[in-house]
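The block underneath contains the structure these notes are about, expressed in structure tokens.
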Amino acid sequence: MFVLYTCDRSDLLPVPNQPRFKSELVDRLKALKIPVTDTHAAWSKLPQTTVESYLRDGVHPTAPAYESIADLVFQQLCTEKKLAACSLTNTNSQK
């Protein structure tokens, strides 16, 4: 089990800022040993135009945002060694 933390546009633009409740939430999850996939942390490092394209109305994700979320979840699953595909090598690229 893990938690997917998603953010609002206002948490990232015009500059990244951490919502008041986030640190308490993350601390509690860490105490419970529940990993967090954090879109706020990942997206705060991206260019402003990319972030703008991720949230269509300031809250709801767009298709590119869902692709980014899927990538983050995949990375989390690999980090937690919960997905067999993470350890596979692409033998087709070696041909």
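The values are calculated or read from the model by the stated rules, or taken from the named source; none is laboratory data. Remember, predicted model here, so these are calculated numbers, not experimental data. Don't worry about glycine lacking a Cβ; one is built from the backbone with ideal geometry, like all the others, and counts go over all protein chains shown. Note: areas computed on protein heavy atoms with side chains; ligands, DNA, RNA excluded. Shrake-Rupley method; radii C 1.70, N 1.55, O 1.52, S 1.80 Å.
Return the residues of the range 43-62 that are open to solvent by 30 Å² or more (accessible area, probe 1.4 Å), among the hydrophobic types (A, V, I, L, M, F, W, C) and modelled with pLDDT of 90 or more; say none if nothing qualifies.
Scanning the range 43-62 gives a single hit, Leu46.
Test Phe74 against the stated conditions and say whether it is aromatic (Phe, Trp, Tyr), surrounded by 14 or more Cβ atoms within 10 Å (Cβ to Cβ) and free of Cβ contacts under 8 Å to residues at least 60 places away in the same chain.
So Phe74 fits the description; yes.
From the residues in the range 16-39 that are surrounded by fewer than 18 Cβ atoms within 10 Å (Cβ to Cβ) and touching a helix residue (DSSP H, G or I) at 6+ places or on another chain (Cβ under 9 Å), which one is farthest from Arg56 (Cα to Cα)?
Top of the filtered list is Ile34.
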